[in-house]
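Colleague: This is the structure, below, for whatever I ask next.
The values are calculated or read from the model by the stated rules, or taken from the named source; none is laboratory data. Keep in mind it's a predicted model, so treat the numbers as computed, not measured. Reconstructed Cβ throughout: ideal geometry from the backbone, glycine too, with neighbour counts over all protein chains shown.
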Amino acid sequence: MAKQSFEQKLRRLEEIVEILDRGDQTLDSMIKLYEEGMKLIAESRKTLGKAEQRITVIRAAQESAAADA
Amino acid sequence: MENQVLSVSELTRRVKRTLEEHYNGLSVTGEISNFKHHSSGHRYFTLKDAGAQISCVLWKSRVVRFSPTDGMQVLASGRLTVWPPRGNYQLECSSLRPLGKGDLQLAFEALKQKLHAAGLFDAEHKKALPEFPERVGVITSETGAAVRDILTTLQRRMPMCEIVMHPAPVQGAEAAQAIAAAISRLDSAGCDLMIIGRGGGSIEDLWAFNTEEVAQALFAARTPVISAVGHEVDYTIADFIADVRAATPTAAAEIAVRDRRDIDAFLIGAREQLHTSIRHCVERRRDQLEHLEQHPGLRRLPEYISQTEMTLDRWQDQLNNAADRTLRRSGEQLAALTAHSQSLHPLGPLRRGFALLRSGGDLVDSTMTLRNCSDVEILRQNERALVGIQHVQTADTMADLTNEPE
């Protein structure tokens with residue numbers, strides 16, 4: 001499976017919570033969904049816990065030079 | 001100098017020198033007509049009033065804060081230049097400003113009108129902001145309150161969020177072009193959304209955000225944009241084009257990302273819900289099992305089994321009995337048969353006291369009569385007797401014979 005974005009993970013999690021809440025699946029698939037949900041929660045909380053802000057700066061050096069010409 | 005004969009070139013050279021020396025650094029007011037924005041980027045037009053007109057040029061490098069259009073009253077500043085090959089002169093403008101009360105306001109309204117008419121503000125062009133952006137682009141001045149407000153707010157709310165900062169001057173002659181270029185560049189930097197803005201200032205300070213250049217760059221961007229130019233009361237053209245307008249740079253960052261504590265609360269809530277759901281699910285199934293165990297159908301099963309066992313036992317007994325009976329019967333039959341076969345032995349009846357009769361050496365059986373015989377031989381088990389016959393009586397049954405004769 002392709003790497004899920006944070007948003008995709010949260011959406012999938014919402015979906016799983018809803019399905020489990022309905023409770024109309026087989027016990028087997030409910031347990032699989034439960035495990036998937038728990039994994040998503042753990043991953044998302046880990047992502048959320050990143051404390052350091054990453055900043056990339058893009059400089060407009062070439063554009064300025066072009067504008068002056 | 002009166003009768004001096006000059007070449008055309010010499011005369012033109014003198015005119016050029018005179019005009020360019022004396023009409024350098026002047027300002028003139030008039031109405032724009034025949035405005036042409038050449039593909040080279042230079043702009044050509046005529047300034048006129050009721051009695052005269054003059055050709056004007058505005059080089060590409062000159063920035064104006066509005067879109068000059070025919071009929072607009074403007075104040076043009078610059079110098080006169082002469083172009084000898086054509087023998088004409090023109091006003092080379094260094095700046096151009098709309099005239100009248102609140103000229104910038106007029107220009108603002110004119111551009112707003114124009115873009116609105118072109119449909120650039122239409123709601124259908126507004127892009128939805130991502131709910132959980134992981135990469136946020138920021139275009140603002142590297143110095144100033146705005147960048148600090150945006151970065152600290154993003155850090156406070158969602159430190160996991162990566163920031164791609166594109167510094168750009170937000171006021172001055174080059175601001176509009178630099179901001180437009182930054183928008184195009186960040187648009188292809190893979191950001192989930194962009195924040196573009198600056199802190200408050202005068203209408204002149206905010207002017208870059210009122211230019212068509214920035215407006216068109218914003219309109220062309222595929223990345224959703226939040227604008228935050230100036231303070232609550234300041235509205236710029238950029239604000240109308242952007243997908244969402246924030247009152248301040250801090251507000252823009254708050255709109256851009258959710259507070260991580262909210263998401264964490266959601267995650268913890270989701271975990272609780274998953275626990276509860278799966279527990280319910282298992283409990284429900286256990287209840288179902290228990291219910292099934294209580295079900296009359298299943299409760300009768302042991303009864304049914306023991307009943308069946310009993311029936312089977314009975315059948316087993318019946319089978320055994322039947323077999324015994326058959327065997328016994330067979331034994332009886334065998335004994336009977338044996339006895340019968342023994343009884344059929346010609347000498348068998350002698351053991352029970354019966355006798356055989358013989359006459360003239362031959363056995364006399366039940367089909368023969370003794371009428372013609374004078375004597376018979378009686379053969380018993382252990383003796384033989386010769387007897388003479390006195391009388392023979394015949395009857396149909398044995399009973400008739402056992403009665404005493406008269």
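Colleague: Of all residues in the stretch B:278-294, how many are at the interface with chain A (Cβ under 8 Å from one of its Cβ atoms) and in contact with a Lys or Arg (Cβ under 9 Å, 6 or more places away or on another chain)?
Modeller: So the count comes out to 0.
Colleague: Scan the stretch B:127-144 residue by residue and report those that are polar (S, T, N, Q) and either in contact (Cβ under 8 Å) with a residue 40 or more places away in the chain or facing another protein chain (nearest Cβ under 10 Å) (or both).
Modeller: The answer is B:T140, B:S141.
Colleague: Sticking with this one: Give just the number: which of (1) assigned to a helix (DSSP H, G or I); (2) assigned by TED's automatic domain parsing to the domain that holds B:A215 does B:E142 not satisfy?
Modeller: Every condition holds for B:E142 apart from (1).
Colleague: Among residues belonging to the stretch B:204-240 that are among the β-branched types (V, I, T) and either closer than 13 Å to B:I179 by Cα or modelled with pLDDT of 95 or more (or both), point out the one that is surrounded by the most Cβ atoms within 10 Å (Cβ to Cβ).
Modeller: Of everything passing the filter in the stretch B:204-240, B:V229 is surrounded by the most Cβ atoms within 10 Å (Cβ to Cβ).
Colleague: Moving to a separate point now. With the structure loaded, tell me whether B:T223 is closer than 27 Å to B:H116 by Cβ, within 14 Å of another protein chain (Cβ to nearest Cβ), under 33 Å from the mean Cα position of the chain (by Cα) and not charged (D, E, K, R) or whether it fails that test.
Modeller: Spelling it out, B:T223 is indeed closer than 27 Å to B:H116 by Cβ, within 14 Å of another protein chain (Cβ to nearest Cβ), under 33 Å from the mean Cα position of the chain (by Cα) and not charged (D, E, K, R).
Colleague: For the list (1) in contact with a helix residue (DSSP H, G or I) (Cβ under 8 Å, 6 or more places away or on another chain); (2) at pLDDT below 95, I need the number of the one condition that B:G190 fails.
Modeller: Unmet for B:G190, out of (1) in contact with a helix residue (DSSP H, G or I) (Cβ under 8 Å, 6 or more places away or on another chain); (2) at pLDDT below 95: (1).
Colleague: Can you tell me how many residues in the stretch A:31-51 are surrounded by 13 or more Cβ atoms within 10 Å (Cβ to Cβ), more than 7 Å from chain B (Cβ to nearest Cβ) and not in a helix (DSSP H, G or I)?
Modeller: Selection size over the stretch A:31-51: 0.
Colleague: Taking A:D28 as the residue in question, decide whether it is facing chain B (nearest Cβ under 8 Å), charged (D, E, K, R), free of Cβ contacts under 8 Å to residues at least 40 places away in the same chain and more than 14 Å from B:E131 (Cβ to Cβ).
Modeller: Spelling it out, it is not the case that A:D28 is facing chain B (nearest Cβ under 8 Å), charged (D, E, K, R), free of Cβ contacts under 8 Å to residues at least 40 places away in the same chain and more than 14 Å from B:E131 (Cβ to Cβ).
Colleague: Quick check on my filter: what residues within the stretch B:167-201 are among the basic types (K, R) and either more than 26 Å from B:S95 (Cβ to Cβ) or without any contact (Cβ under 8 Å) to a residue 12 or more places away in the chain (or both)?
Modeller: Selection gives B:R185 alone.
Colleague: In the stretch B:1-76, which strands (runs of 3 or more DSSP E) lie fully inside it and hold 1 or more residues that are within 60 Å of the chain's Cα centre (by Cα) and at pLDDT below 90?
Modeller: B:24-37
Colleague: Turning to a different aspect of this structure: Consider B:G137 carefully, then state whether it is within 30 Å of A:I58 (Cβ to Cβ) and part of a strand (DSSP E or B).
Modeller: Criteria met by B:G137.
Colleague: Something else about it: Suppose the filter is touching a strand residue (DSSP E or B) at 6+ places or on another chain (Cβ under 8 Å) and more than 7 Å from chain A (Cβ to nearest Cβ); does B:V147 pass it?
Modeller: Yes.
Colleague: Given the structure, is B:V170 more than 9 Å from chain A (Cβ to nearest Cβ) and touching a Lys or Arg at 6+ places or on another chain (Cβ under 6 Å)?
Modeller: So B:V170 passes the test.
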